[in-house]
Amino acid sequence: MLDQVTTIYGNNKYLTNQEVRRLSLLSKIDDFNISKYDLTEADFFDILEDLNTGSLFSDEKLVIIKEADELFKLDESFQLSLVKYLKNPNPEVYLILVFKELLNSTSNIGKAILNYTKIIEIKDMTKDMFPDYIKKMLKEKEYLIETDAVNELLVRTDYDLILVEQELEKLMMFESISKKIELDTVVKLVSRNLEENIYELTNNLVIGNQIKTIEIYYDLIARSEDPIRIINSIGNKVRQLIQTRLLLEDNLSQEQIAEKFNIKSGVAYYLIKSAKELDLKRLEDILEKLARLDFDIKTGKIDKKIGLEILILGV
């Protein structure tokens, strides 16, 4: 049985959405009597009115408020109205509040939520938990997936569960007869994001792995990426690697470099690792060749696709 008012909080949007979906099904209220609000867009006055109004076509209804962290930014009068409601909720209405952060227990709203609602914490998953989670998800739908296929899917979606779910729908549709998802199918159907491809392409270009570099390049072209965009992205990545080397020479920390480039600390770790391993002179030579190629393309001296291929093979 669903509680009258339920509070869900957690940073993983996919997992919180899954819990909202589970509770919605538990309520057995049809979709017509479920109202969903995003508090970054909705007028809270309309939400209050909805909460205090019974359903015209059913004995019960469900109201879901997402981005509920915005409640703490409301005018005091609205906050007091919500506190009053939580103390004495409409018996015909079930309410689900969805927060990103742990509740502020010192505020009036925070105290009311802690005292008058059921609290559900959605804990995020560590990366090593993802494969088993995906296998379990597919098993419930009577599908199997190879371990290598799971790992490749996670790499290509950057462990984004919302994106994972979207790609799995496509993969299951493709393998609707065999009910088994293999590595080759993931490689064929799931695109790498450009940033990840450029990172791998640049590293292989610098270390001289022509076979892998050209393989990634052809994969990007097959997915209709513009060679000019690829050239600019490689240039940006090479400049970032050079800058990182110089920042390391100035004894900047991983956190300071992350802040400098406005990236996550984990991303900065791999950037620093690559910058230390790659030859600075080679990075500067590649940057010069990219600049020359960009000029030749813009002045019509060479075709952009052929020019980039020649650069890759030449380097």
Looking only at helices (runs of 4 or more DSSP H) that fall completely inside segment 141-194, which ones have 3 or more residues that are surrounded by 18 or more Cβ atoms within 10 Å (Cβ to Cβ), touching a residue at least 40 places away in the same chain (Cβ under 8 Å) and more than 23 Å from the chain's Cα centre (by Cα)?
none
Residues of segment 39-70 being closer than 19 Å to Leu86 by Cα, charged (D, E, K, R) and open to solvent by 20 Å² or more (accessible area, probe 1.4 Å), which ones?
Asp43, Asp46, Glu49, Asp50, Glu60, Lys66, Glu67, Asp69, Glu70
Evaluate the following for Ile29: is it part of a loop (DSSP other than H, G, I, E, B), in contact with a Ser or Thr (Cβ under 8 Å, 6 or more places away or on another chain) and not aromatic (Phe, Trp, Tyr)?
yes
What do you reckon, is Ile297 over 19 Å from Gly208 (Cβ atoms), outside any helix (DSSP H, G or I) and at pLDDT 85 or above?
no
Residues that are farther than 30 Å from Glu60 by Cβ and part of a loop (DSSP other than H, G, I, E, B): does segment 126-140 have at least one?
yes
Return the total of residues in segment 286-309 being touching a residue at least 12 places away in the same chain (Cβ under 8 Å) and either open to solvent by 50 Å² or more (accessible area, probe 1.4 Å) or among the charged types (D, E, K, R) (or both).
6
Just to verify a result, which residue in segment 71-110, among those that are modelled with pLDDT of 90 or more and of a type in the set (D, E, K, R), is surrounded by the fewest Cβ atoms within 10 Å (Cβ to Cβ)?
Lys87
The residue from Ala291, Ala258 that alone is at pLDDT 90 or above, touching a helix residue (DSSP H, G or I) at 6+ places or on another chain (Cβ under 9 Å) and of a type in the set (Gly, Ala, Ser) is Ala291
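For (1) surrounded by fewer than 15 Cβ atoms within 10 Å (Cβ to Cβ); (2) aromatic (Phe, Trp, Tyr); (3) touching a residue at least 40 places away in the same chain (Cβ under 8 Å), each residue gets a yes or a no:
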{"position": "Asn236", "(1), (2), (3)": "yes, no, no"}
{"position": "Leu241", "(1), (2), (3)": "no, no, yes"}
{"position": "Thr244", "(1), (2), (3)": "no, no, no"}
{"position": "Leu248", "(1), (2), (3)": "no, no, no"}
{"position": "Asn251", "(1), (2), (3)": "yes, no, no"}
{"position": "Ala258", "(1), (2), (3)": "no, no, no"}
{"position": "Ser265", "(1), (2), (3)": "yes, no, no"}
{"position": "Tyr269", "(1), (2), (3)": "yes, yes, no"}
{"position": "Asp279", "(1), (2), (3)": "yes, no, yes"}
Listed residues Lys135, Lys118; which is more than 24 Å from the chain's Cα centre (by Cα) and farther than 30 Å from Ile231 by Cβ?
Lys118
When you look at Ile231, is it touching a residue at least 60 places away in the same chain (Cβ under 8 Å) and open to solvent by less than 30 Å² (accessible area, probe 1.4 Å), yes or no?
yes
Note on segment 81-125: residues touching a strand residue (DSSP E or B) at 6+ places or on another chain (Cβ under 7 Å) and in a helix (DSSP H, G or I) are Leu86, Ile113, Tyr116
Limited to segment 195-225, what total is found for residues that are open to solvent by 30 Å² or more (accessible area, probe 1.4 Å) and of a type in the set (S, T, N, Q)?
4
Could you check, for segment 230-251, whether at least one of its residues is part of a loop (DSSP other than H, G, I, E, B) and either modelled with pLDDT of 85 or more or out of contact with any Lys or Arg (no Cβ under 8 Å at 6 or more places or on another chain) (or both)?
yes
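The values are calculated or read from the model by the stated rules, or taken from the named source; none is laboratory data. Just so we're clear, the structure is a prediction, and the values are computed from it rather than from any experiment. Heads up, the Cβs are rebuilt from the backbone with ideal geometry, glycines too, and the neighbour counts pull from every protein chain shown. Each accessible area value is taken on the protein alone, full model and side chains, heavy atoms only, with ligands, DNA and RNA left out. Shrake-Rupley method; radii C 1.70, N 1.55, O 1.52, S 1.80 Å.
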